[in-house]
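Read-outs: derived from the displayed coordinates by stated rules, not from any lab. None of these values were measured; they are calculated from a predicted model. Glycine gets a Cβ as well: all are built from the backbone with ideal geometry, and neighbour counts include every protein chain shown.
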Amino acid sequence: MRRFAYLRPARLEEALAAAAEPETAWLAGGTNLVELMKRGVARPARLVDLAGLEDLATITPLAAGGLSIGAAVRNADLARHPVILRDAPILAEAVLSAAAPQIRNRATTAGNLLQAPRCAGFLDPGAACNRRAAGSGCAARGGDGRDAAVLGATEACIAVHPSDLAVPLVALDARLRVAGRDGERTIALGTLYGADGASTLPPGELVRAVLLPAEAAGFAGHARYLKLRERTSFAFALVSAAAALRIAGGRIVAARVALGGVAPRPWRPAEAEAVLAGAVPTDALFRAAADAALAAARPIAENGFKIELARRVLVRALTLALRGTPARVPALAASPFAPAGEGARHG
Amino acid sequence: MAEGTAPISPEGAAIGRPIARDDGVAKVTGRARYAADCRPPGLLHAVIAPSRIARGRVTAFDLDAAMAEPGVVAVMTPANRPPLAEDPDAKTAPIVFRLDLLQDDRIRYAGQPVAVVIGETLEAAEEGAFRLAPAYAAEPALVDIDAAEPFVPETVGLGAPVERRRGDVEAALATAAHRVQRRYETAAQVHNPLEPHAVVAVWEGDRLWVDTPSQNVARAQRRIAGLLGLPPDHVHIRSPFVGGGFGAKAFPAGPQVLGILAARLVGRPVKLVLSRAQMFGAVGHRAPTRQTLRLGLADDGTIAALAHHARVASSRFDDFFEPAAALSGGVYAAGAVETTHEAVRLDIATPVVMRGPGEATGSLALECAIDEAAAELGLDPLAFRRLNHADTEPISGRPFSSKALRACYDAGAARFGWAGRPLAPRSLSDSDGRLVGLGIGTAVFPSMMFQAEARALLRADGAAIVELGAHEIGQGAATALRQIAADALGLPLSAVTLRTGASDLPDAGGAAGSSHTATAGSAIHAAGTALVARLAALATADPASPLHGAGNAVLFAADGALHAGDGRRDPHAAVLARAGLGAIEARGAAAPDRAARASHAMAAHGAVFAEVAVDPDLGAIRVTRLVGAFAAGRIVNPRLARSQLVGGMIWGLSLALHEAAQFDPATGAIANADLGAYRIPVHADLPFVEALLVAEEDTLVNPLGVKGVGEIGITGTAGAVANAVWHATGVRIRRFPIRIEDLALAMPGREKEDDA
């Protein structure tokens, strides 16, 4: 591991000043960054630890409605926060489907959104990877494509974004409060991710909070996250889907859909939402929405199966959402093996 | 866990008791000292630099950059590696594997050590290794088992026949009423014990102290002494606790010797611990297999012919060939049976024994094929297995020394609830619409035994110390062996201390082949028996003893005293006190009974039952119940034996559904070299697992009547899981581990059905 300087500022201004130096990385939970440093994939000269900035770790209501989720709120705390469970339980379902308790006790909200791909080429410092070193090539192109994207892949990068939490957040139109030395700004979460999934934030900028709009709570009664993975827990998504519906008078008033595990960034298929909006929910409608969501999908190497699996996962997620959000997040969160028989908490 | 079926030793006070493991508290509190916990004064840290390419040469290192890193002390390369007394590629013994010890610049697999960097801190050494940036002249590498040209090796496993036959399989197949031919694929696997290979080496002149995990300290001592040109007794291997090995620590691996050489180079103590990624390189793996089963069946359901052919992969530079087909000679009765192997050579590290070597992969294929044969005949898979029960070992015709397999079928089926299982697949579902399937597999593992010695010392206070170079590798050997010692000496458990895990102690054989309790335990039994005989001789010759004049033969030791059949007794301590002895010692040795083994087949048996749930649209699989019933001779400690069996069953589940090392065809390296991408089951994958112990008495297998429990749990289980997946879905997947997409896309999706 490269030698690095470690700073732990107590105030935001100090943190932003420290991060203005080149080759600086923010350290939050460290569950991803420290591993990348051990592998030699990340080689920062300085770490600025956010643990001293206490105002980053709270969840507070916004004056205009909605929630502010501090960037450093731990995954475990997010998943059991009463306001989250009331207004956006799909976030808890997604968070609890990720990693394992020890990691969730450390990992943070913004750190989760900004985590690096698990592509084998990216994780091997000796391999060619355009994401790590622009223009160096893509070692993953030679593989079987199993972990590669089927939507939105670029010539440069075929890795998928690994976050579960980002999938429902993108679906629910979350925004980010971002601080820099020149002040603060608010951006759509979707714009955090460039075409290759990497962060678009300039060096030295810091995510302060994730802002969940007031409208999100309107979907709380019919919102589910479903994750298909190769073991029942502690694995990244092969494919996943967030489906959130607002239903009135037997019709879908509004739909929010996003896919995980299939694209370099959390994938929001507007086409699918358009199919759903205003329609009477049926199996056929959900299949049409899923077809629309995957219409642009293209296989890489041998991963064409992901297109069909993503369709099926989205249909199932929509079916579960229609049935209603359960009163509690199931113990096997987001799993196809979660009991389906629990009563919905909202009509 | 079910009680009541475990045989409780009638004669022993300690054997048969389900006591908790002696070292449990020390382990969970961190007091148990593993090799990497050792920190002798002046310690330096070494890390290996592994090759990025699978074939070619190292052309350059950036030594200046590595040495410029603050704290880097030295870089060991082929140019300055201390000399060896033996060529590490020399076959100096019948069973010895070639090691990569920086003998030249040649690369023969990805992950091969090409240099060792030694630093004042681990971080400095790691950064030095990063900066070393080896340059390569790469050559095309081949890592695909299906793309290489096969050949027939001379032997498989550790010296087993490559082919075995009984009867005329081709003739029997030609005339059989029904024929089933199927091909199965299994993936490469990597042992990945929790504790990575680690070594702490301290040289004192021409004496060497090595703290390192080993499944065979005597073998490690011989190999290391040979390589270094030292008398064996100058090499002191200490291995009191081993954090799992599964075969990866059965032979000293190259990196362990490199740590010793690094200490030689710098003249200071050195610690070298492999990273998790490096565990996917130079320390062995289980080879992938391609297996073809051919069965000829009579109309009455009996097996007329059974042929099992396996293609396995090995390295280009050494010989280890997974004996995947071999077990099929011993499981089911067949009019004619043959087991054959072929191999390919790839640019990979040499595979090595891995828990159930051959048996694990071979059992998976065999049990699937047996199930497919039962389906072909329209028979219940358990009934078909019972019908073809092998009363004698099919390949040899020898009787079994004991075989309680039928009782295992009975006990397992009853506990699991096999009766009433519908014959047709895709017949069951749960309340949420998931498909449910029930599968079975027969478990079998040979009962091996090796040579061992032990010594026992009885002190004047009546306490005993028993010493032998046995191996506590997490399996509970230290506890089970102490139970054997207590009964052999006639002492309460509290009076017996066991010392193990060092090459300075008598050679107890290796912890491998599920043989350790039989091997080391028999030596302890012999030492204890010899010591009691000495004690009895003292007592019966002593006029002051209550046992004076009693014949030795009628004496037995128990509760810390010698007893005559008529109620007279004389405590051990009293015998020594009157004799004026501070202690007496005895040695014992054990070896397999060649005559008994020539005349009898010896194996543990079992039956494993699996229930799975499968999502009908998504193809996700969950093993909801796993029940195994096993007969393995006398059970020394039911609690620890169940733990071993359950551990094996989880391995079997993993073989069927999870584990696969993926060789990148472009680089030849294992692409998923971490425990995130190389998947093993988590707790949520197995909500219910149970191992039942079925009583079995065996007077031939060894003096204690014990068989092994370490590996048998894998066999049967993998096939049971695969068979349950078929029963749930009607889809037979023959490429393992079963992938979600293979199952999902083979099933008709509900949406598609609606569309049709």
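Which of B:LYS249/B:LYS403; A:LYS38/B:LYS27; A:LYS38/B:LYS271; A:LYS227/A:LYS306; B:LYS91/B:LYS271 have a Cα-Cα distance over 22 Å?
B:LYS249/B:LYS403; A:LYS38/B:LYS27; B:LYS91/B:LYS271
Find which of B:ALA629, B:ALA677, B:VAL701 sits farthest along the positive direction of the dipole of the range B:601-756, computed with +1 on the beta-carbon of Lys and Arg, -1 on that of Asp and Glu, about the Cα centre.
My answer, from the dipole projection, is B:VAL701.
When the dipole is taken about the Cα centre of the range A:221-323, and only Lys, Arg (+1) and Asp, Glu (-1) are charged at their Cβ, what size is it in debye, to the nearest 20?
300 debye
So if each residue of separation counts as 0.36 nm, and I subtract the Cα-Cα distance between B:ASP410 and B:ALA135, what length gain in nm does that give?
Using 0.36 nm per residue and subtracting the Cα-Cα distance, I get 92.8 nm.
How would you rank B:ASP233, B:ASP504, going from fewest to most other Cβ atoms within 10 Å of each one's own Cβ?
Fewest-to-most Cβ neighbours within 10 Å comes out as B:ASP233, B:ASP504.
Please list, in order along the range B:113-118, the HN-Hα scalar couplings obtained from phi with the Karplus expression 6.51 cos²θ - 1.76 cosθ + 1.60 (θ = phi - 60°), rounded to whole Hz, x for Gly and Pro.
x, 10, 6, 10, 10, 10
Can you give the Rg to Rh ratio for the protein assembly as shown, taking only C-alpha atoms and Rh from Kirkwood?
My calculation puts Rg/Rh at 1.00.
Efficiency by 1/(1 + (r/R0)^6): what FRET value for B:ALA147 and B:ARG276, r their Cβ-Cβ distance, R0 = 22 Å, to the nearest 0.05?
Taking R0 as 22 Å, the efficiency between B:ALA147 and B:ARG276 is 0.15.
Post the alpha-carbon centroid distance, the range B:402-469 to the range B:622-694, in whole angstrom.
What the calculation gives is 13 Å, centre to centre.
Using the basic label-point model (7 angstrom from Cα toward the beta carbon), what is the A:GLU35 to B:THR529 distance in nanometres?
Computed distance between label sites A:GLU35 and B:THR529 equals 5.4 nm.
Going by Cα centres, the range A:203-272 and the range B:522-566 are how many Å apart?
Value for the Cα centre distance between the two parts: 77 Å.
Packing-wise, with mean Cβ within 10 Å as the measure, how do B:606-615, B:484-493, B:298-307, B:368-377 rank, highest first?
The peptides rank, most packed first, as B:606-615, B:484-493, B:368-377, B:298-307.
In the calculated pair distance distribution of the range A:221-323, what percentage of Cα-Cα distances lie above 17 Å?
Across the range A:221-323, Cα pairs with separations above 17 Å total 47 percent.
Using label points projected 7 Å from each Cα along Cα→Cβ, tell me how many nm separate A:ARG106 and A:THR58, to one decimal.
Modelled inter-label distance: 2.7 nm.
Please give the average number of partner chain Cβ atoms lying within 10 Å of the Cβ of each residue in A:225-237, rounded to a whole number.
5
Going by how many other Cβ atoms sit within 10 Å of their own, how do B:VAL709, B:VAL554, B:VAL143 line up, fewest first?
Arranged by neighbour count, lowest to highest, B:VAL709, B:VAL554, B:VAL143 become B:VAL554, B:VAL143, B:VAL709.
Sort B:PHE317, B:PHE663 so that the residue with the fewest other Cβ atoms within 10 Å of its own Cβ comes first and the one with the most comes last.
Lowest to highest Cβ neighbour count: B:PHE317, B:PHE663.
Considering the dipole of the protein assembly as shown built from charges on the beta carbon (Lys and Arg +1, Asp and Glu -1) around the Cα centre, which of B:ALA129, B:ILE524, A:ALA244 is farthest to its positive end?
So the residue furthest toward the plus end is A:ALA244.
What is the extension gain from B:VAL25 to B:ALA424, computed as 0.36 nm multiplied by their sequence separation minus the C-alpha to C-alpha distance, in nm to one decimal?
Computed gain between B:VAL25 and B:ALA424 is 138.7 nm.
Per residue of chain A, what 222 nm ellipticity follows from adding -39500 (n - 2.57) for every DSSP H run with n ≥ 4, rounded to the nearest 500?
-7000 deg cm²/dmol
Got the relative contact order for chain B handy, in percent, Cα pairs under 8 Å and 6 or more residues apart?
17 percent
What are the residues whose amide H is under 5 Å from the amide H of B:ILE670, where those residues sit 5 or more places off or on another chain and H is modelled from the backbone?
Residues meeting the amide H criterion: B:ASP664.
Where the centroid of each part is defined by its Cα atoms, how far is the range B:160-200 from the range B:128-157 in Å?
23 Å
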